[in-house]
Amino acid sequence: MLLLKLAFRNIFRQRRRSLLTAISMAGGYILCTFSFSLSEGSYNNAISFFTLDHTGHVQIHKEDYLQRPKIHKTIDDPEQLSEILDSREDIAAHTLRVFAPGIAYSDTDNSPAQIIGVDLERERTTSTLEQKVSSGSYIGSDLDSDGYYSAMIGAGLANSLNIGLGDELILISQGADGSVANDIYIVNGIIGNRDSPDRNTVFLPLVAAQEFLSMYGRVHEVSILLNDEGDSRSEASLLQEELQDLSVAPWQVVESTFYQSMQTDKQGNNFSMGVIVFLVFVGVLNTVLMSVLERTREFGVLKAIGSRPTKIALMITLETGLLASLSVLMGLLISLPLIGWFTAVGFELAQPMDVGGIVMSHMTGEMSFYVFAIPLALIVLFALLISIPTGIRAARISPTEAMRST
Amino acid sequence: MESLASNGHSHHQLKAGLTCSVLFLCLFSIQVSGAERAIEIIDEMEALYQGASSSATMTMIVETPQFERTMEMEASSIGTEKSFIRILSPRKDRGIATLKLDMEMWNFLPKINRVIKVPPSMMMGSWMGSDFTNDDLVKQTTLTDEYSLTLEETDEQYAIILVPKEETVTVWGKIDYIVNKEYMVPVAQNFYDDNGEIIRKLEFSELRDFSGRMIPSRLEMIPMNKEGNKTIIIYDELKFDPPEVDESIFTLRNLRSRF
Amino acid sequence: MLTLKLAFRNLFRNIRRTILTVMLISLSLAALIAVDGIMRGMLTLMVENVTSTIFGEAQIHRVGFRENMDVDIYLENSNELEQTLQQDASLESYTPRVMSGAMISSSYNVSAGLLYGVDADRERTISKLAQAVVRGEYLSGADSELLIGHTMADLLEVDLGDRIVLTLSEAGSGELAQALYRISGIVDFGMRELDDNFVFVNISSARQTLGMSDQQTHEFVLKFVNSEDAENPDLSIFQQLNDEEVEALGWLELNEQLGLIIELSSFTSLIVGLILFFLASLGVINSMFMSIYERIYEFGVIKAIGTRPAAISLLILFEALLIALISSILGIILGYLLGLYTSNYGIGMGEMEFSGIAINNNIFSEFHISQFTQFPVYVVLLTIVAAIYPARFAAKIIPSDALQRSL
């Protein structure tokens, strides 16, 4: 089409002006993608920190174990459940756990403790437990040469019981059959530090805990990690339908207090994003208006020599649209590697954050389709929207007036 | 089949005597002397299984909707303040023992070879997973001090109604003590909340002759607010003032000893 | 100065462009002010949610208490402490607390929980306990009164007036102690952690049960006249109280998690601010260049007749300065108006899934003097800096090239 060719040529003819306009829009695009990436990133970072810590994306329990934990509310056939979960595409990993409140004794002291039995192998890929080991090692599930199981204890417990690696730990609790659960374990790992949320927890191999509590083969909780956190709710409903006699809950329900505060945070974020988008709009407005209105004289001449107003308006719109598209493409080329770096490496924080044993040293962003697509669509849209009325106005002006203006 | 023990005889006489004085002193409120009588009856019931000292073997069956567990144990006691219970079966729990001295309790767990004092926090917890709490075992002796008692009777039974005094620390609004007149043995203990709803029932049944006394050999503790839960204690053997029971049994040293 | 006058007049030569540029810059400033206000509001909300529910702005304990909440580690000489607190002008109010783990039994069930003995009147000024009472009455000082979390009440199958027996170890002796209470109120904080586990009684009664004297306290909770004081560890009251036996810490030190989140938030706001600045400067540069190109013929002429490059630069810079000043004033007004609206109505957007005493979800924007003093300065500086490149460009124009330009 002639108009298209004209529009194209015009852009390159007015190199300086086009370049300025393009830089302005490209810059706006890059900044916009960066903000989106940052916003998404910080939100998702917080979530993954939390969910990877121990919650997982989806949890399965028996009945209302989550609200009213009772030792007898158990998932009786975890093996079958594991098979189902392993075969689902969206599930990255899952782990099995058993809980009981108890009292821990050392030679000299005693203290209440939370006892958690975990499938050590699975736990590696589902939570950050292994990274939380601050001294000793991540235990195995075998009996040692004396016939004792190993245990990992929180640093708070190690301190209040005055025990360390290699020492004997006694646990007392109540078994699922009502008997007094009591046994000796060897401390082979210490978890976190004295302020960690896990500081008063004892981690045992799953089989050891099941034996201890006389609940052979049964578990209290299955924690699931998905490939995409965003699927948490939908995956939870799908699973719930399939597993009629169990309770499936997404992390938003499991950790409702955290979720609530994240929502509040998100609000604030959305507001900021809104402001940024608005500013980008103003920038584009500024840019487009300036560049179109600058050329009023030019259009006046065109009209004087016979160009039709509609054609002029169309050409203006085309030019602007084209320029905008080229600008964002340019922006995309720069933005892609930039955001890529931001996602992979990110900014180093002045002070690394220690969140319950896990250290976060960088602030990273998120790389997703939306981060790039939305600003692109927005800018092109803004440009077009602005150029249409402007173009029409420019096209309507009388040639003599036009040629007189600056 | 049963002949009344000598204790029973004397009580019959005592009762007869009391009844006379009640009739004679009719100006006195029936409640007052009823209360005295009630106290006597309660004391008698509590002493029923103890005597000055006693030893017993019993079976405890704990039923819940999730499991059923049967334990066999042997127990010794002196009065109501000192008792020593040892679990004989199942194998897993064999050797676990509980020592009670007055208001304090200790458990010995052979698997870990430790004596654990039962901390106050565990006092309200169940004993060995049953429907009896540690508190129950420890508090039996204070019923008469901390409650106001009234006595009602029918031809067959005494019903003693215990209402906690203002300052009494208890979760119960009322306790009934039903006693069979003929044999002077407890029939039931009912525990109520403040609204008069029955929350827990302890039923005594199956009278047997133990060393000359007629005593209910079967106790059933039934929580009324928990479906399908029940604890049954069956006395297989019960001896009174046996020679082998002496003070040395009720020590921590003994608690720890090899069994 | 001539240059200044010229600069001023030049602005009106292309009113449209001037207006557009002013609009961009003033909106950027207004945006900055708005975003800052919201960020502050959000932080305040977060902090408030934690501190005003039950935690307080600062707490005083005996050293070692916080590790396991050991009932034996209490503060002695409470009277003396209270005197000190009373005399400190930076405190708005304070309240004592006594706490212990306990077994909580009803006629129907038993559960482990946490006992909090509180001073009913003073507690009102510090926490939201009184507001959290949904049924029955708040504490009035009578011995047997007890407030219980609603989910715990469900678990224990109890209601107002029912018996509750607390079983715990006495402080010091470790002996078993039991006490009878009657439920006088049911609380709902909207936070599982609190509703599931807590019972509240009058502090005198709690002390009695625990065998503690009125000189012995586990915790004092403080509220400052100026909330920000709580974050300052060098504050006189902290200096005064902290020694080997006693520790007095603000919520920031007590609650590391929150502190980290706040730091992260500040960092994020900083970045957002920078982004806004860049966006604005792009617009400024664009606008400046446009205006220069438009007058390039002119510049060619005046340079040809001898105007010094520096003077041309200065002209451009002055133009930028003037635009900046006008925009700042406009921006401040806009920012103020926007802030006024959002500070009164908040930005509660969408549906609130959750709300309750503990978590208040509405963010209210906050004003701060720096928004109206620092930010405009930044914007003016930014505008001038953004104009430097165009100014230099203008100064370097070669008259012969410029004069060749036709349209």
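The values are calculated or read from the model by the stated rules, or taken from the named source; none is laboratory data. A quick note: this is a predicted structure, and the numbers were derived from the prediction, not measured. Note that we place each Cβ from the backbone using ideal geometry, even for glycine, and neighbour counts take in every protein chain shown.
Based on what the data block shows, is B:GLU74 at pLDDT 75 or above, farther than 21 Å from B:SER217 by Cβ and either outside any loop (DSSP other than H, G, I, E, B) or not charged (D, E, K, R) (or both)? Break it down stepwise before answering.
On the way: at pLDDT 75 or above: yes; farther than 21 Å from B:SER217 by Cβ: no; either outside any loop (DSSP other than H, G, I, E, B) or not charged (D, E, K, R) (or both): yes.
For B:GLU74, the condition - at pLDDT 75 or above, farther than 21 Å from B:SER217 by Cβ and either outside any loop (DSSP other than H, G, I, E, B) or not charged (D, E, K, R) (or both) - is not met.
Out of the residues in region C:165-193 that are within 18 Å of B:VAL171 (Cβ to Cβ) and facing chain B (nearest Cβ under 8 Å), which is modelled with the lowest pLDDT?
Among those residues, the one meeting the criterion is C:LEU176.
Could you name every one of the helices (runs of 4 or more DSSP H) located completely within region C:1-88 that has at least 1 residues being at the interface with another protein chain (Cβ under 10 Å from one of its Cβ atoms), at negative phi and among the polar types (S, T, N, Q)?
Working: elements: C:2-13, C:15-50, C:65-68, C:78-87.
Ranges flagged: C:15-50, C:65-68.
Which of the residues belonging to region A:270-302 are more than 8 Å from chain C (Cβ to nearest Cβ) and within 30 Å of C:PHE267 (Cα to Cα)?
Residues satisfying the conditions are A:MET273, A:GLY274, A:VAL277, A:PHE281, A:VAL284.
Which one is modelled with the lowest pLDDT among residues in region B:101-118 that are in a loop (DSSP other than H, G, I, E, B) and closer than 20 Å to B:LYS82 by Cβ? Talk me through it step by step, then tell me what you get.
Of all residues in region B:101-118, those in a loop (DSSP other than H, G, I, E, B) come to B:102-103, B:110-113, B:118.
Imposing the further condition that a residue be closer than 20 Å to B:LYS82 by Cβ reduces the set to B:102-103, B:118.
Working: B:ASP102: 80, B:MET103: 77, B:VAL118: 82.
Ranking the candidates gives B:MET103 first.
Could you list, in sequence order, the residues of region B:41-71 that are within 14 Å of another protein chain (Cβ to nearest Cβ), among the hydroxyl-bearing types (Ser, Thr, Tyr) and in a strand (DSSP E or B)?
Applying the first criterion (within 14 Å of another protein chain (Cβ to nearest Cβ)) to region B:41-71 yields B:60-71.
Then drop every residue that is not among the hydroxyl-bearing types (Ser, Thr, Tyr), which leaves B:64, B:70.
Residue satisfying the conditions is B:THR70 alone.
What tally of residues in region B:171-199 results from selecting those that are buried (at least 20 other Cβ atoms within 10 Å of the Cβ) and touching a residue at least 60 places away in the same chain (Cβ under 8 Å)?
Going through region B:171-199 one residue at a time, the tally reaches 4.
With respect to A:GLN114, is the statement that it is in contact (Cβ under 8 Å) with a residue 40 or more places away in the chain, crowded, with 19+ Cβ neighbours inside 10 Å and not assigned by TED's automatic domain parsing to the domain that holds A:MET273 true?
Values: in contact (Cβ under 8 Å) with a residue 40 or more places away in the chain: yes; crowded, with 19+ Cβ neighbours inside 10 Å: no; not assigned by TED's automatic domain parsing to the domain that holds A:MET273: yes.
When the stated conditions are applied, A:GLN114 does not pass them.
So which residues in region B:227-244 are among the hydroxyl-bearing types (Ser, Thr, Tyr) and either farther than 15 Å from B:GLY212 by Cβ or not in a strand (DSSP E or B) (or both), if there are any at all? Outline the logic, then answer.
Applying the first criterion (among the hydroxyl-bearing types (Ser, Thr, Tyr)) to region B:227-244 yields B:231, B:235.
Result: B:THR231, single match.
Would you be able to tell me the number of residues in region A:12-64 that are assigned by TED's automatic domain parsing to the domain that holds A:LEU329 and part of a loop (DSSP other than H, G, I, E, B)?
Result for region A:12-64: 1.
Scan region A:106-151 for residues that are out of contact with any Leu (no Cβ under 8 Å at 6 or more places or on another chain) and either under 26 Å from A:SER48 (Cβ atoms) or β-branched (Val, Ile, Thr) (or both) and jot them down.
A:GLN114, A:GLU121, A:ARG124, A:LEU129, A:GLU130, A:GLN131, A:LYS132, A:VAL133, A:SER134, A:SER137
With the requirement that a residue be of a type in the set (Ser, Thr, Tyr) and buried (at least 24 other Cβ atoms within 10 Å of the Cβ), what does region C:15-46 give you?
Initial filter on region C:15-46 (of a type in the set (Ser, Thr, Tyr)): C:18, C:21, C:26, C:28, C:44.
Answer for region C:15-46, where residues must be of a type in the set (Ser, Thr, Tyr) and buried (at least 24 other Cβ atoms within 10 Å of the Cβ): C:THR21, C:SER26, C:SER28.
Determine if region B:246-259 includes at least one residue that is exposed (fewer than 14 other Cβ atoms within 10 Å of the Cβ), in contact with a helix residue (DSSP H, G or I) (Cβ under 9 Å, 6 or more places away or on another chain) and within 28 Å of B:VAL115 (Cβ to Cβ).
yes
Only one of these conditions is not met by A:LYS70: (1) more than 14 Å from chain B (Cβ to nearest Cβ); (2) free of Cβ contacts under 8 Å to residues at least 40 places away in the same chain. Which number is it?
(1)
Can you find a residue in region C:336-346 that is buried (at least 20 other Cβ atoms within 10 Å of the Cβ) and among the aromatic types (Phe, Trp, Tyr)?
No; the residues of region C:336-346 include none that is buried (at least 20 other Cβ atoms within 10 Å of the Cβ) and among the aromatic types (Phe, Trp, Tyr).
Under the condition of being among the charged types (D, E, K, R) and in a strand (DSSP E or B), which residue from region B:153-192 is farthest from the chain's Cα centre (by Cα)? Step through it out loud before you land on a result.
First, pick out the residues of region B:153-192 that are among the charged types (D, E, K, R): B:153, B:155-156, B:165-167, B:174, B:176, B:181-182.
Applying the additional criterion that residues be in a strand (DSSP E or B) yields B:153, B:174, B:176.
Working: B:GLU153: 22, B:LYS174: 17, B:ASP176: 14 Å.
Residue satisfying both the conditions and the ranking: B:GLU153.
Which numbered condition trips up C:GLU170, out of (1) surrounded by 17 or more Cβ atoms within 10 Å (Cβ to Cβ); (2) within 25 Å of A:GLN67 (Cβ to Cβ)?
The failed condition is (2).
Just give me the residues in region B:203-225 being in contact (Cβ under 8 Å) with a residue 60 or more places away in the chain and either within 13 Å of another protein chain (Cβ to nearest Cβ) or surrounded by 15 or more Cβ atoms within 10 Å (Cβ to Cβ) (or both), in sequence order. Steps first, please.
As a first pass, look at region B:203-225 and keep what is in contact (Cβ under 8 Å) with a residue 60 or more places away in the chain: B:207, B:209, B:212-215, B:221-223.
Within region B:203-225, B:LEU207, B:ARG213, B:MET214, B:ILE215, B:MET221, B:ILE222, B:PRO223 qualify.
Where in region A:166-232 are there strands (runs of 3 or more DSSP E), lying fully within it, with 1 or more residues that are surrounded by 24 or more Cβ atoms within 10 Å (Cβ to Cβ) and more than 14 Å from chain B (Cβ to nearest Cβ)? Spell out how you get there, then give the answer.
Numbers: elements: A:168-174, A:180-191, A:201-205, A:221-226.
The qualifying strands (runs of 3 or more DSSP E) are A:180-191, A:201-205, A:221-226.
What's the number of the condition A:TYR259 fails, among (1) within 9 Å of another protein chain (Cβ to nearest Cβ); (2) among the hydroxyl-bearing types (Ser, Thr, Tyr); (3) buried (at least 19 other Cβ atoms within 10 Å of the Cβ)?
Of (1) within 9 Å of another protein chain (Cβ to nearest Cβ); (2) among the hydroxyl-bearing types (Ser, Thr, Tyr); (3) buried (at least 19 other Cβ atoms within 10 Å of the Cβ), only one is false for A:TYR259: (3).
Only residues that are without any contact (Cβ under 8 Å) to a residue 24 or more places away in the chain, under 30 Å from C:ALA230 (Cα atoms) and either at the interface with chain A (Cβ under 8 Å from one of its Cβ atoms) or touching a helix residue (DSSP H, G or I) at 6+ places or on another chain (Cβ under 6 Å) (or both): list them for region C:269-292, please.
Hit for region C:269-292 is C:ILE271, nothing else.
Given the structure, is B:SER148 of a type in the set (Gly, Ala, Ser), away from chain C (no Cβ under 14 Å) and touching a residue at least 40 places away in the same chain (Cβ under 8 Å)?
Details: of a type in the set (Gly, Ala, Ser): yes; away from chain C (no Cβ under 14 Å): yes; touching a residue at least 40 places away in the same chain (Cβ under 8 Å): yes.
Yes: the conditions hold for B:SER148.
Within region C:308-319, is there a residue that is within 14 Å of chain A (Cβ to nearest Cβ), out of contact with any Ser or Thr (no Cβ under 6 Å at 6 or more places or on another chain) and modelled with pLDDT of 80 or more?
Residues of region C:308-319 within 14 Å of chain A (Cβ to nearest Cβ): none.
The answer is no; no qualifying residue exists.
Could you check region C:125-153 and list, in sequence order, the residues that are over 30 Å from the mean Cα position of the chain (by Cα) and assigned to a loop (DSSP other than H, G, I, E, B)?
Matches in region C:125-153: C:GLU137, C:LEU139, C:SER140, C:GLY141, C:ALA142, C:ASP143, C:SER144.
Could you tell me whether A:SER247 is within 10 Å of chain C (Cβ to nearest Cβ) and either under 22 Å from A:TYR43 (Cα atoms) or modelled with pLDDT of 80 or more (or both)? Explain how you work it out, then say what you get.
Details: within 10 Å of chain C (Cβ to nearest Cβ): no; either under 22 Å from A:TYR43 (Cα atoms) or modelled with pLDDT of 80 or more (or both): yes.
When the stated conditions are applied, A:SER247 does not pass them.
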